[in-house]
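The values are calculated or read from the model by the stated rules, or taken from the named source; none is laboratory data. The shown structure was predicted, so the numbers you read here are calculated from the model rather than taken from an experiment. Neighbour counts are summed over all protein chains in view; Cβ atoms, including those assigned to glycine, are modelled from backbone coordinates with ideal geometry.
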Amino acid sequence: MADRPKAAVLGAGEIGLAFCALLATRFDPIELWEPDPDTGRAARKSGNAGRVSADLAGTVTDATVVIVTTGASERPGVLRDIATHLASGTVVIIAGTGHERALDDAARMLPSHASVICATPIAWTRTAPSTRSGSEPRSGGIGASSAKGKSPVRPFADAVAGISPSPTAHPDAVGVVQAILEAGGATAFFADPREFDALSTAASVLPTLIAATLVRVVLGETPTTTSPNDFDRAGGVAFAEMTRALEDPAQGIEGDVTTVSDHALRWIEQVIADLQATRQKILDGDTSPIGIDTTASRRRQWMTTRKSSPELAVLPDLPAPTRRRLFF
């Protein structure tokens, strides 16, 4: 491996730009693939990518590390198109929603000599809009950049990043991915892809779905020019905070929902059941229909211990995944 190997980042969204910023001090060149010309021009202005191109094959050719950050719906086509251009031993990092689907697609489409590892930051420090320069990636979605300036050292500061290696990934490649994330300020944890998908759906996709529901229910499908109850001023701040997930949703949220549909359906069904129970309590005259004291206490306990139910990520209606045996 060269002292300054080439890295390729596919997709110029916030995660893609954050990876470019992180890799800039460790790889040379950094090449960024972005087929949309407007997004590509904005990426060039960020200063984090050495070369921005719509040539997918040229971007990944001779790259030691390839990071795929495209939306879940576009990802299968991207994996198929890069398959014949990957050098032997290339480390392919897939960052985004749907680890289980991504690893299945990679197993079918990518050559066996590539080490494929899903590695997705699901939360990181926000940068206030008032202090963020125009060249910096926007905050929000599946994560938010804390980058300040053009060459941030730790773009994933305070992040938690789930790592799901493919069964054939070389141990050294897994170590490289962990080192990259930790160099960017993330706390890496290894998770079964099904487990990670369940947890990330609850952490990022479900809040966006609920925020969309609140907007439809409270504001209606079409904007209004008057507010007879003065809601805009009386409740605007609280409502804006509750629906903030819609401001900068993860790239391709529609495709994300489709990719993790089994997990999304389970969480939605649980939300519906809980709301129906609350509705019945109100109809029954319960003076504490949402149990705010108990609920707030549970949240405080979780904030302190960070311990959740072991059943949180279990999908009872699906078979348990086969775990890799390392030695025999």
Can you tell me which residue within the range 151-179, out of those that are touching a Leu at 6+ places or on another chain (Cβ under 7 Å) and not in a loop (DSSP other than H, G, I, E, B), is surrounded by the most Cβ atoms within 10 Å (Cβ to Cβ)? Ala161
Residue in the range 255-288 that is surrounded by the most Cβ atoms within 10 Å (Cβ to Cβ), counting only those that are under 15 Å from Glu195 (Cα atoms) and among the small types (Gly, Ala, Ser): Ala264
Kindly check whether there is at least one residue in the range 106-121 that is within 20 Å of Pro167 (Cβ to Cβ), at pLDDT below 95, within 18 Å of the chain's Cα centre (by Cα) and among the β-branched types (Val, Ile, Thr). yes
Being touching a strand residue (DSSP E or B) at 6+ places or on another chain (Cβ under 8 Å) and acidic (Asp, Glu) is the filter here; which residues of the range 29-58 pass it? Glu31, Glu34, Asp55
The range 1-14, subset at pLDDT 90 or above and outside any loop (DSSP other than H, G, I, E, B), residue surrounded by the most Cβ atoms within 10 Å (Cβ to Cβ): Val9
So if I check each of Ser133, Ser139, which one is hydroxyl-bearing (Ser, Thr, Tyr), surrounded by fewer than 17 Cβ atoms within 10 Å (Cβ to Cβ) and either assigned to a strand (DSSP E or B) or modelled with pLDDT under 80 (or both)? Ser133
Top-ranked residue in the range 231-261 [being outside any helix (DSSP H, G or I) and either in contact with a His (Cβ under 7 Å, 6 or more places away or on another chain) or at pLDDT below 70 (or both); ranked as nearest to Ser200 (Cα to Cα)]: Ala250
